[in-house]
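The values are calculated or read from the model by the stated rules, or taken from the named source; none is laboratory data. Just so we're clear, the structure is a prediction, and the values are computed from it rather than from any experiment. Quick reminder, even Gly has a Cβ in these numbers, built from the backbone with ideal geometry, and neighbours come from all protein chains shown. Surface accessibility is based on the protein's heavy atoms, side chains included, excluding ligands, DNA and RNA. Shrake-Rupley method; radii C 1.70, N 1.55, O 1.52, S 1.80 Å.
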Amino acid sequence: MSRLRVSPRTDERQPLYLQIQEHFKQLIYSGAIAKNDKFPTEKQLMEQFGVSRMTVSNALTKLAQDGWIYRIPGRGSFVSPDIVEKLAEDPVGVPAEQPRGKERSDRSSSRKMIGLVLPLLEDFFAIRLLKGIYTALEGTDYYVSIVLTHNCKEREKEAIQELTQQGAVGLFIFPIDAETYNEEILLLKLRDFPFVLIDRYLPGFETHCVCSDNRMSAQMAVNHLWELGHRDIAICSDIPASTITVDERIRGYMEALKQKGSMINPALIMADVQAADPHIPYHKHPLYEFIRTSQATAFITLNLRLGLYAADLCRKSGVDVPRDISIITYDNPSSALDDTPAFTHIDQHEEHIGAQAAELLLQLLTSKEKLPDPVRRIVKSTLVAGKSTGACAVLG
């Protein structure tokens with residue numbers, strides 16, 4: 001399981017290897033690990049933090065150079081007794097943000113942990129979501145501890161258990177893509193534990209949540225393409241259609257077509273299409289055949305990863321975007337909105353979703369009265385026109 005503790009005041013641009021260093025410096029400083037204690041192996045650290053071997057190696061090398069640890073070839077890394085004794089005499093070399101003595105003790109005891117259970121941390125969607133959370137928590141007595149589940153149901157269960165056992169007073173949960181919700185979330189509700197679901201709600205199971213308007217956003221995508229003359233519009237997802245997010249977007253897609261008097265073509269609804277499956281050569285991928293044979297003139301991809309892959313398949317098959325095929329994807333693939341972004345995309349305003357989730361959880365944690373009913377906040381999406389959509393070359 002990957003776990004990385006992050007304070008709302010942490011510089012989000014700080015390299016991961018530096019964050020790992022600071023994590024272990026704080027453990028050594030606090031006495032949580034003692035002199036000559038053995039560090040986890042590189043493989044264990046890679047899994048714990050969800051990073052590459054090079055990142056772990058850089059972190060350990062720097063810790064050794066600065067005298068925090070010593071390394072024995074073939075045996076591993078250990079806490080340096082010299083640094084422990086030096087810290088006992090005069091706590092130098094500790095991160096500047098760490099208060100000392102009674103001030104440190106008072107602040108540590110007053111700050112409270114909020115857990116964030118997140119499937120992945122690999123794109124700007126997650127970064128913007130975190131930025132919204134951090135902004136809302138700025139100046140409060142709460143910090144965030146992140147656990148990555150790698151979209152695994154069992155790891156999600158373990159993450160919730162770990163965070164609550166370690167003293168989290170509340171949780172943000174971005175549920176994994178699955179047909180059924182995790183029973184551990186049900187237990188949280190039964191215990192009246194404060195938590196907010198992000199980007200999901202669970203049908204038939206009312207909880208506090210903040211999510212985007214999936215149905216309306218899919219309708220916006222269809223309307224945009226329709227106005228450009230497209231009639232054969234495919235919608236693609238790399239997760240099962242039975243998950244609530246995908247289900248709502250497909251419903252919005254179908255409703256938009258019905259409103260225009262268009263027949264629904266089941267062949268153009270492609271769910272559970274894996275992007276860049278290493279076991280399938282690109283020319284055998286189902287999307288490649290769709291693109292090559294012009295079965296659709298436009299694609300709506302329900303996440304950025306699939307949108308980028310569809311564009312790559314177009315390039316490999318000699319199909320021009322947007323002259324031959326138009327693509328709309330969910331989520332902005334760039335770090336900031338350009339004047340004319342490369343992709344026409346559905347902007348879900350992730351930063352606002354994160355801020356709304358944090359504000360709602362703070363309300364649950366600080367209010368003296370329990371909210372009478374679960375709160376569902378919907379953040380409206382917008383369509384941002386970019387370079388990946390254009391007029392249909394063959395009007396249907």
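Table for the structure above
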read-out: Answer residue from the range 259-282, given it is touching an Asp or Glu at 6+ places or on another chain (Cβ under 8 Å) and modelled with pLDDT of 90 or more and is most open to solvent (accessible area, probe 1.4 Å) among those; value: 265
read-out: Count of residues meeting criterion [polar (S, T, N, Q) and without any contact (Cβ under 8 Å) to a residue 40 or more places away in the chain] in the range 144-180; value: 4
read-out: Single match in 25, 35 (criterion: of a type in the set (D, E, K, R), at pLDDT 80 or above and in a helix (DSSP H, G or I)); value: 25
read-out: Which numbered condition residue 217 fails, given (1) under 19 Å from the mean Cα position of the chain (by Cα); (2) closer than 22 Å to residue 128 by Cα; value: (1)
read-out: Matching residues, the range 148-168, being of a type in the set (A, V, I, L, M, F, W, C), surrounded by 17 or more Cβ atoms within 10 Å (Cβ to Cβ) and part of a loop (DSSP other than H, G, I, E, B); value: 168
read-out: Where a residue in the range 216-240 is farther than 14 Å from residue 330 by Cα and without any contact (Cβ under 8 Å) to a residue 40 or more places away in the chain and its partner, wherever it lies, is open to solvent by 10 Å² or more (accessible area, probe 1.4 Å) and assigned to a strand (DSSP E or B), with Cβ under 9 Å and at least six apart; value: 223/383
read-out: Criterion (crowded, with 22+ Cβ neighbours inside 10 Å, assigned to a helix (DSSP H, G or I) and touching a residue at least 40 places away in the same chain (Cβ under 8 Å)) met by exactly one of 296, 310; value: 310
read-out: Selection from the range 331-363 of residues that are in contact with a His (Cβ under 7 Å, 6 or more places away or on another chain) and under 30 Å from residue 193 (Cα atoms); value: 360
read-out: Qualifying residue in the range 283-293 (condition: open to solvent by less than 20 Å² (accessible area, probe 1.4 Å), more than 23 Å from residue 387 (Cβ to Cβ) and of a type outside the set (A, V, I, L, M, F, W, C)); value: yes
read-out: Some residue of the range 231-248 being at pLDDT 95 or above, of a type in the set (A, V, I, L, M) and open to solvent by 50 Å² or more (accessible area, probe 1.4 Å); value: no
read-out: Residue under evaluation residue 157, criteria (1) closer than 19 Å to residue 113 by Cα; (2) in contact with a Phe, Trp or Tyr (Cβ under 9 Å, 6 or more places away or on another chain), criterion not met; value: (2)
read-out: Filtered residue count, the range 339-396, keeping only those that are within 19 Å of the chain's Cα centre (by Cα) and without any contact (Cβ under 8 Å) to a residue 40 or more places away in the chain; value: 1
read-out: Residue list for the range 342-376, restricted to those being open to solvent by less than 60 Å² (accessible area, probe 1.4 Å) and of a type in the set (D, E, K, R); value: 347, 350
read-out: Residue count, the range 321-379 (criterion: closer than 21 Å to residue 169 by Cα and touching an Asp or Glu at 6+ places or on another chain (Cβ under 6 Å)); value: 1
read-out: Cβ pairs under 7 Å, 6+ apart, first in the range 186-209 and within 24 Å of residue 131 (Cα to Cα), second part of a strand (DSSP E or B) and open to solvent by 80 Å² or more (accessible area, probe 1.4 Å); value: 201/376; 209/376
read-out: Selected residue [under 20 Å from residue 381 (Cα atoms) and either among the β-branched types (Val, Ile, Thr) or assigned to a loop (DSSP other than H, G, I, E, B) (or both)] from 328, 264, 291; value: 328
read-out: Residue 207, sole failed condition from (1) outside any strand (DSSP E or B); (2) over 20 Å from residue 383 (Cβ atoms); (3) at pLDDT 95 or above; value: (3)
read-out: Top-ranked residue in the range 44-87 [being among the small types (Gly, Ala, Ser) and in a helix (DSSP H, G or I); ranked as farthest from residue 34 (Cα to Cα)]; value: 57
